[in-house]
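Peer 1: The structure's right below; bear with me while I get my questions together.
The values are calculated or read from the model by the stated rules, or taken from the named source; none is laboratory data. All figures in this text were calculated on a predicted structure; none of them were measured in a lab. With ideal geometry, Cβ positions are generated from the backbone for all residues, glycine too; neighbour counts draw on all protein chains shown. Just the protein is used for accessible areas: all its heavy atoms, side chains included, with ligands, DNA and RNA removed. Shrake-Rupley method; radii C 1.70, N 1.55, O 1.52, S 1.80 Å.
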Amino acid sequence: MTDPNLITLYYSPQTRATGTRVLLEELGAPYDLHVLNMKAGEQRMPAYLAINPLGKVPAIRHREALVTEQVAITIYLADLFPQAGLTPALNDPLRGPYLRWIAYYGSSFEPALIDKFMQREPAPITQSPYADYDTMLGALEAQLANGPYLLGERMTAADVLWGVAFSWTMMFGIVPTKDVFVRYAERMTARPAFQRINAADAEMAAQHAAAAGG
């Protein structure tokens with residue numbers, strides 16, 4: 001009999017979907033993988049574009065619900081498995097700050113990151129969704145200084161999202177290796193769930209590269 005809480009994760013290794021898989025592990029959630037070989041362009045094929053017209057991962061399916069967008073997926077999954085303790089309840093004073101910092105990832109951090117990576121001319125601060133890059137990053141630095149987690153002493157699903165993000169953005173030199181960011185990323189990526197998925201990703205990515213090359 002199929003577990004009613006089974007999550008199907010549309011996945012490719014060493015992408016933004018990695019963070020979602022780490023979260024599923026942290027939640028102890030039952031899931032299976034629908035793997036796409038992005039090196040072979042499978043994310044642009046009609047079968048997957050019917051799932052996500054943008055051709056992006058992650059996406060998840062749970063029963064009749066199809067959810068895309070990393071921020072929405074993070075909130076959805078943490079709420080679906082509240083017993084894991086990674087989401088503040090609706091009446092918890094931390095619920096608002098929790099949602100704030102998850103939303104901040106999609107609405108401010110990612111747009112700022114891409115603009116910086118592409119070396120685009122910054123938009124006027126009054127028209128930019130994230131003010132400017134330094135202001136956006138400074139707000140994060142100030143919040144994490146209260147650590148060890150985004151919400152102080154309590155780890156939440158938001159930390160899985162941000163911990164993985166800081167790890168790869170510092171690796172590529174898009175985010176500066178400030179002590180507070182480095183310590184935070186190390187704290188999250190040292191966790192067993194990340195270590196397991198990171199190792200599995202490396203193996204899967206090598207297989208995809210070999211398959212695409214052949």
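Peer 1: For the range 154-214, what is the relative contact order in percent, using Cα pairs closer than 8 Å and at least 6 residues apart in sequence?
Peer 2: It comes to 30 percent, rounded to a whole number.
Peer 1: With only Lys, Arg, Asp and Glu charged, each at its Cβ (+1 for the first two, -1 for the last two), find how big the charge dipole of the chain is about the Cα centre; round to the nearest 20 debye.
Peer 2: Rounded to the nearest 20 debye, it is 180 debye.
Peer 1: For the chain, which DSSP H helices look membrane-span-like by this rule: Cα extent along the axis of 18 Å or more and mean Kyte-Doolittle of at least -0.5?
Peer 2: Span-like helices, by this rule, are 157-171, 192-213.
Peer 1: While we're looking at this one, here's another question. For Ile7, list long-range residues whose amide hydrogen, built 1.01 Å from N in the peptide plane, is under 5 Å from its own amide hydrogen.
Peer 2: Counting only residues 5 or more places away or on other chains, the set is Tyr31, Asp32.
Peer 1: Follow-up. Per residue of the range 50-59, in order, report the coupling 6.51 cos²θ - 1.76 cosθ + 1.60 (Karplus, θ = phi - 60°) as ³J(HN,Hα) in whole Hz, putting x for Gly and Pro.
Peer 2: So the Karplus estimates, Gly and Pro as x, are 6, 7, 9, x, 7, x, 10, 10, x, 9 Hz.
Peer 1: Leaving ligands, DNA and RNA out of it, report the carbon-plus-sulfur percent of the accessible area of the range 22-106 at a 1.4 Å probe.
Peer 2: Accessible surface attributable to carbon and sulfur in the range 22-106 totals 59 percent.
Peer 1: Return a whole-number percent for the relative contact order of the chain, with Cα pairs under 8 Å and 6 or more residues apart as the contact set.
Peer 2: After rounding, I find 22 percent.
Peer 1: Moving on to the next point. In Å³ and rounded to a whole number, note down the convex hull volume per residue for the Cα atoms of the range 1-44.
Peer 2: Considering the Cα atoms of the range 1-44, their hull volume per residue is 72 Å³.
Peer 1: Also, quick follow-up: Apply the a/c threshold of 1.5 to the C-alpha gyration tensor of the range 170-214 and tell me whether it is rounded, prolate or oblate.
Peer 2: Oblate shape, in that a/c is at least 1.5 and b/c is the bigger or equal ratio.
Peer 1: Could I ask something else about it? Which values of log₁₀ I(q)/I(0), to two decimal places, follow from the Debye formula for the range 55-214 at q = 0.09 Å⁻¹ with a uniform point scatterer at every Cα?
Peer 2: -0.34
Peer 1: Which semi-axis lengths, in whole Å and largest first, follow from the square roots of five times the eigenvalues of the Cα gyration tensor of the range 3-120?
Peer 2: Ellipsoid half-lengths, sorted descending, are 24, 21, 11 Å.
Peer 1: Another question about this same structure. Return the tail of the calculated pair distribution for the range 123-214, meaning the percent of Cα-Cα pairs more than 19 Å apart.
Peer 2: More than 19 Å apart: 51 percent of the Cα pairs in the range 123-214.
Peer 1: Let me ask another. Quick one: compute the contact order of the range 148-189, relative version, from alpha carbon pairs under 8 angstrom and 6+ residues apart, as a percent.
Peer 2: For the range 148-189, the relative contact order is 45 percent.
Peer 1: So, one more: Just to confirm a number: summing +1 for Lys and Arg and -1 for Asp and Glu over residues other than Thr15 whose beta-carbon lies under 13 angstrom from that of Thr15, what do you get?
Peer 2: +2
Peer 1: Using the heavy atoms of the protein chains alone and a 1.4 angstrom probe, what is the accessible area of the chain per residue in square angstrom?
Peer 2: Ligands and nucleic acids excluded, the result is 51 Å² per residue.
Peer 1: Still on this structure, I have one more. How big is D, in µm² s⁻¹, for the range 101-153 by Stokes-Einstein at 4 °C and 1.567 mPa s if Rh is the Kirkwood radius over C-alpha pairs?
Peer 2: This corresponds to a translational diffusion coefficient of 111 µm²/s.
Peer 1: Return the carbon/sulfur percentage of the accessible area of the range 122-184, one whole number, probe 1.4 Å, all protein chains in place.
Peer 2: Within the range 122-184, the accessible surface is 57 percent carbon and sulfur.
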